[in-house]
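A.B. asks: Sharing a structure, written as structure tokens. Questions coming.
The values are calculated or read from the model by the stated rules, or taken from the named source; none is laboratory data. This structure is a prediction, so every number in the text was calculated from the model and none was measured. Positions of Cβ are backbone-derived with ideal geometry, glycine not excepted, and every protein chain shown enters the neighbour counts. Surface accessibility is based on the protein's heavy atoms, side chains included, excluding ligands, DNA and RNA. Shrake-Rupley method; radii C 1.70, N 1.55, O 1.52, S 1.80 Å.
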Amino acid sequence: MATDAWQHARDATVALWRRVHPERVPAIEAELAEVRAEVIAARDEGDSQVEEDLAADWQRRLRRLLRDDPSLAGELRRVLDEELNPLLTPADQPRLGVQMTATASGHARVYQAGGNQTIREA
């Protein structure tokens, strides 16, 4: 949030809240400004934990927004995929989730799981 992409990320976030909870926009704008100042200070001090904590806080906010209104899933996914995630550096993008790719040929089998997996073959 301390990069030149800040303004775009801020605008996308405020626009999401404006569509969902317009009455909360002034508070969200103020909180985003405060978070930006905290991130800049943390980076100046070399304190990566503060930045991680602030990111986790906004992740919780977005989860609560989705929990309170599950119909927002498509809009939230669009904002994340099209507006916010592209602003991340390539080094930060792998942290977004799991991407698995597999290729099988002939009689090969591929088993992939993002968690536990049990395979029973006869």
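A.B. asks: Provide the per residue accessible area, probe 1.4 Å, for segment 1-70, rounded to a whole number of square angstrom. Numbers along the way, then the final one.
C.D. replies: On the way: 4410 Å² over 70 residues.
I get 63 Å² per residue for segment 1-70.
A.B. asks: Given [x] 164; [y] 89; [z] 100, which label gives volume of the Cα convex hull per residue in Å³ as computed from the coordinates?
C.D. replies: Only one option fits the structure, namely [x].
A.B. asks: Tell me, what is the percent relative contact order of the chain, built from C-alpha pairs under 8 Å that lie six or more residues apart? Write down the numbers at each step before the final one.
C.D. replies: Values: 48 pairs, mean separation 27.1, N = 122.
For the chain, the relative contact order is 22 percent.
A.B. asks: Which net charge results when you count Lys and Arg as +1 and Asp and Glu as -1 among the other residues whose beta-carbon is under 15 Å from that of GLU23? Provide the component values of the computation, followed by the final result.
C.D. replies: On the way: positive: ARG18, ARG19, ARG24; negative: GLU29, GLU31, ASP68, ASP69.
So the surrounding residues net to -1.
A.B. asks: Counting only protein heavy atoms and a 1.4 Å probe, tell me what percentage of the chain's accessible area is made up of carbon and sulfur. Numbers along the way, then the final one.
C.D. replies: Numbers: 4360 of 8880 Å².
On the chain, the fraction of accessible area on carbon and sulfur atoms equals 49 percent.
A.B. asks: Show me the GluC sites (Glu not before Pro) within segment 1-84 that DSSP assigns to loop and that have at most 14 other Cβ atoms within 10 Å of their Cβ.
C.D. replies: Nothing satisfies the criteria.
A.B. asks: Further question on the same structure: For the chain, modelled as a Gaussian network with Cα springs under 10 Å, which listed residue fluctuates most, GLY74, GLY46, GLY106?
C.D. replies: Highest fluctuation of the listed residues: GLY106.
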